[in-house]
Amino acid sequence: MHFIEGISNFEGQTVNLKGWIANKRSGKGLFFIVLRDGTGFIQCIVDQNSVDEATFNNATKIGLESSVEIEGQVVKDERQIGGFEIQVSKLNIYQVAEEYPIAKKEHGVDFLMDKRHLWLRSKKQWATMRVRNKVIYNIHRFFQKNGFMQMDSPIFTGNAAEGSTTLFETDFYGEQAYLAQTGQLYGEAMAMALGRIYTFGPTFRAEKSKTRRHLSEFWMIEPEMAFYDAKMNMDLIESFIKSVVKRTIEECKTELETLDRDTSLLQKLTETSFPRMSYTDAVAIIKGEKDVEGRNAIKLLEEDLGQVKQEITDKEAEIEEREAKINAGGMKKGEVNFNRNKIDTLKAEIKELKEKEENIPQWLESARNFQFGEDFGGSDETVLTRLFEVPIMVYNWPKKIKAFYMKEVDDDPDFVQGVDVLAPEGFGEIVGGSVREEDKEKLIAQIKVHDLPMEAFEWYLDLRKYGSVPHAGFGLGLERLICWICNTKHIRESIPFPRMYGRLFP
RNA sequence: UCCUCCUUAGCUCAGUUGGUUAGAGCGGUUGACUGUUAAUCAAUAGGUCCCUGGUUCGAGCCCAGGAGGGGGAGCCA
């Protein structure tokens, strides 16, 4: 048995492949079959003249996603994507699949989500899952190579760590328990035992968010480091993201090509320092009061709006032009179809642009009226990151909008040493981190201010009682990182079986 | 919880001012074609127009309520 990945090593030899029919076209006495085996895709030629009758009959019978065993010779062919194809000598059927529901055409989201178990076989989903695998591997690799210990935090938790509104409740032998929304507090305990650790596990949020960047169940990586300060924390985040992105784009060239991902900006960030700015400066930039290298966030967005409007006009004109051509007649059927498909694509693009056209004025409005001291909304992130091509780090946040465990800025107790990393290209927040408060009394005061149940934090306060040290850490959302690397618009495509508000099956 | 959009063939969508028998492409089936890249060409089958009620001589289209879904706000990774 051979695999499509690495088939180039077998040029001229006979190989045995097992897989599924991803596509099939026919000519007279000839079938073109695209076989997929999980490792890749390859075209296989069944020529009536060079196979036995049983094989040719089998080739006639099989439809999309039928499972087969193919024996044939590996032949170099520049026309093919992988550069090789298989001249089939034998084809055996495992099972003939009848009327596979996912056609070689575009489908709606709802339909595809209902068929998620099958959708995973499609090329782009396949590519995304392969990138996901590499991202996970490279995350472990980075930490393991740098002396971190992987530790698992519990999924059942007895008390709400940061307020209970966003937690899933469950029954734990008659006691009320919650599914963890973060493993951080446990991570801190483990850092005091092992120095530098990272958790890598599922996290649960019961927010009723129906947006393209939220899941109810997602995977989070949370490193925690004893004796780290704010700068060390930011340095680590930066080298971590650079390492994972660099290795992943190197190791997933085919997959990212399949996803039509332009990797030039990802390439660029691996050799550029991430801009770092305080919350105060970031607010000035969002409000248009401060320029970055001569560019103004508000003005830039206004220009974008003009451009969007122009694009809509252009695309509408193109649709009319194509429709006129079709209506004029005398066009071959293939050409008509081509034009109709183009029109469909254009319509979808216009829909998206119109959404943008509607949103930008709202974003501008909200950016201009931004109240200092508030948290960034999704649109504020977009306005800010529009000025940059690489991730940016925003540090020193207002104390009242951040979690109770964050440590104050030394000379300004209204601010805390938190840091958020915002990805470019509109992907928004992918990392949130901070230096943790190590002083027991200050921590107790903060628990009171946030109105949290003190008894739930007895064990946590012990960490500040027995050998408390400065320490810091951060949390990274795996799916958001994958979306950014793959340029995936909806987070539900970055995880095999997404769990989100309104979606529990399949 | 709020705002907004959508629901017509297996799938993606048209459907004019409310008017006779509901439209296309893809997919399926049958046939044609020796190199296709979502192949192409011909023929063919395929409908509870989301549900309930209302207005009307007449509703896919108008009105009310409901269900399901998309996008967004809040919240966040």
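Going by what's in this entry, would A:Met190 be described as open to solvent by less than 40 Å² (accessible area, probe 1.4 Å) and without any contact (Cβ under 8 Å) to a residue 60 or more places away in the chain? Yes. Considering segment A:80-93, the residues that are away from RNA strand B (no atom under 11 Å from the Cβ) and in contact (Cβ under 8 Å) with a residue 60 or more places away in the chain include one that is most open to solvent (accessible area, probe 1.4 Å), namely A:Ser89.
Just so you know, in segment A:384-429 the residues that are under 27 Å from the mean Cα position of the chain (by Cα) and of a type in the set (Ser, Thr, Tyr) include one that is nearest to RNA strand B (Cβ to nearest atom), and it is A:Thr385. Just so you know, in segment A:363-387 the residues that are open to solvent by 30 Å² or more (accessible area, probe 1.4 Å) and in contact (Cβ under 8 Å) with a residue 24 or more places away in the chain include one that is nearest to A:Glu271 (Cα to Cα), and it is A:Arg386.
Among the residues of segment A:276-286, those identified as crowded, with 18+ Cβ neighbours inside 10 Å and not small (Gly, Ala, Ser) are A:Met277, A:Tyr279, A:Val283, A:Ile285, A:Ile286. Entry remark, segment A:196-240: residues being open to solvent by 20 Å² or more (accessible area, probe 1.4 Å), more than 15 Å from RNA strand B (Cβ to nearest atom) and either hydrophobic (A, V, I, L, M, F, W, C) or touching a Gly at 6+ places or on another chain (Cβ under 8 Å) (or both) number 5 in total. Identification of strands (runs of 3 or more DSSP E) wholly contained in segment A:390-506 with 3 or more residues that are within 24 Å of A:Thr157 (Cα to Cα) yields A:428-436, A:471-477. Quick check: anything in segment A:105-114 of a type in the set (Lys, Arg) and either open to solvent by less than 40 Å² (accessible area, probe 1.4 Å) or without any contact (Cβ under 8 Å) to a residue 12 or more places away in the chain (or both)? Yes: segment A:105-114 contains one or more residues that are of a type in the set (Lys, Arg) and either open to solvent by less than 40 Å² (accessible area, probe 1.4 Å) or without any contact (Cβ under 8 Å) to a residue 12 or more places away in the chain (or both). Do we have any residue at all in segment A:455-468 that's open to solvent by less than 10 Å² (accessible area, probe 1.4 Å) and of a type outside the set (A, V, I, L, M)? Checking segment A:455-468: at least one residue is open to solvent by less than 10 Å² (accessible area, probe 1.4 Å) and of a type outside the set (A, V, I, L, M).
As a summary of the residue check, A:Ser153 satisfies the conditions (1) open to solvent by 70 Å² or more (accessible area, probe 1.4 Å); (2) outside any helix (DSSP H, G or I) except for the one numbered (1).
Each row is one residue, and each column tells you yes or no for (1) closer than 21 Å to A:Val34 by Cβ; (2) not basic (Lys, Arg).
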residue: A:Phe111; (1), (2): no, yes
residue: A:Arg116; (1), (2): no, no
residue: A:Ser122; (1), (2): yes, yes
residue: A:Ile136; (1), (2): no, yes
residue: A:His140; (1), (2): no, yes
residue: A:Lys145; (1), (2): no, no
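State yes or no: is A:Lys268 in contact (Cβ under 8 Å) with a residue 24 or more places away in the chain, open to solvent by 60 Å² or more (accessible area, probe 1.4 Å) and in a loop (DSSP other than H, G, I, E, B)? Steps first, answer last, please.
Working: in contact (Cβ under 8 Å) with a residue 24 or more places away in the chain: yes; open to solvent by 60 Å² or more (accessible area, probe 1.4 Å): yes; in a loop (DSSP other than H, G, I, E, B): no.
Considered against the rule, which asks whether it is in contact (Cβ under 8 Å) with a residue 24 or more places away in the chain, open to solvent by 60 Å² or more (accessible area, probe 1.4 Å) and in a loop (DSSP other than H, G, I, E, B), A:Lys268 comes out as no.
Whether a residue is at pLDDT 80 or above and of a type in the set (Gly, Ala, Ser) was assessed, and A:Ala348 does not pass this test. Taken over segment A:492-506, residues that are buried (at least 17 other Cβ atoms within 10 Å of the Cβ) and farther than 17 Å from A:Ser122 by Cα amount to 2. Considering A:Asp77, A:Asp37, the condition of being near RNA strand B (Cβ under 10 Å from one of its atoms) and not small (Gly, Ala, Ser) is satisfied by A:Asp77 alone.
Pairs are defined by a Cβ separation below 6 Å, a sequence spacing of at least 6 or placement on different chains, a first member in segment A:428-443 that is farther than 28 Å from A:Ser379 by Cβ, and a second member that is of a type in the set (Ser, Thr, Tyr); the pairs so defined are A:Arg436/A:Tyr405; A:Glu437/A:Tyr405; A:Glu438/A:Ser468.
Find the residue count for segment A:94-104, including only residues that are open to solvent by 60 Å² or more (accessible area, probe 1.4 Å) and near RNA strand B (Cβ under 10 Å from one of its atoms). Spell out how you get there, then give the answer.
Narrowing segment A:94-104 to residues open to solvent by 60 Å² or more (accessible area, probe 1.4 Å): A:94-95, A:98-99, A:104.
Next cut, near RNA strand B (Cβ under 10 Å from one of its atoms) only: A:98-99, A:104.
Summing the residues that are open to solvent by 60 Å² or more (accessible area, probe 1.4 Å) and near RNA strand B (Cβ under 10 Å from one of its atoms) in segment A:94-104 gives 3.
Evaluate segment A:54-65: report whether one residue or more is away from RNA strand B (no atom under 13 Å from the Cβ), open to solvent by less than 30 Å² (accessible area, probe 1.4 Å), farther than 16 Å from A:Asn16 by Cα and in the same structural domain as A:Phe31 (by TED's automatic domain parsing). Yes - at least one qualifying residue is present in segment A:54-65. Taking segment A:1-36 as the range and being closer than 29 Å to A:Trp119 by Cβ, touching a helix residue (DSSP H, G or I) at 6+ places or on another chain (Cβ under 9 Å) and not charged (D, E, K, R) as the test, the residues that pass are A:His2, A:Val15, A:Leu17, A:Ala22, A:Ser26, A:Phe31, A:Ile33. How about segment A:166-261: which strands (runs of 3 or more DSSP E) wholly inside it have at least 2 residues that are under 23 Å from A:Arg464 (Cα atoms) and of a type in the set (Asp, Glu)? Counting at least 2 such residues, we get A:217-226. On inspection, A:Asn359 qualifies as open to solvent by less than 50 Å² (accessible area, probe 1.4 Å) and out of contact with any Phe, Trp or Tyr (no Cβ under 9 Å at 6 or more places or on another chain).
The values are calculated or read from the model by the stated rules, or taken from the named source; none is laboratory data. Just so you know, these numbers come straight off a predicted model, no measurement behind them. No Cβ is skipped: glycine too gets one built from the backbone with ideal geometry, and neighbour counts run over all protein chains shown. These accessible areas exclude ligands, DNA and RNA; they are computed on the full protein's heavy atoms, side chains included. Shrake-Rupley method; radii C 1.70, N 1.55, O 1.52, S 1.80 Å.
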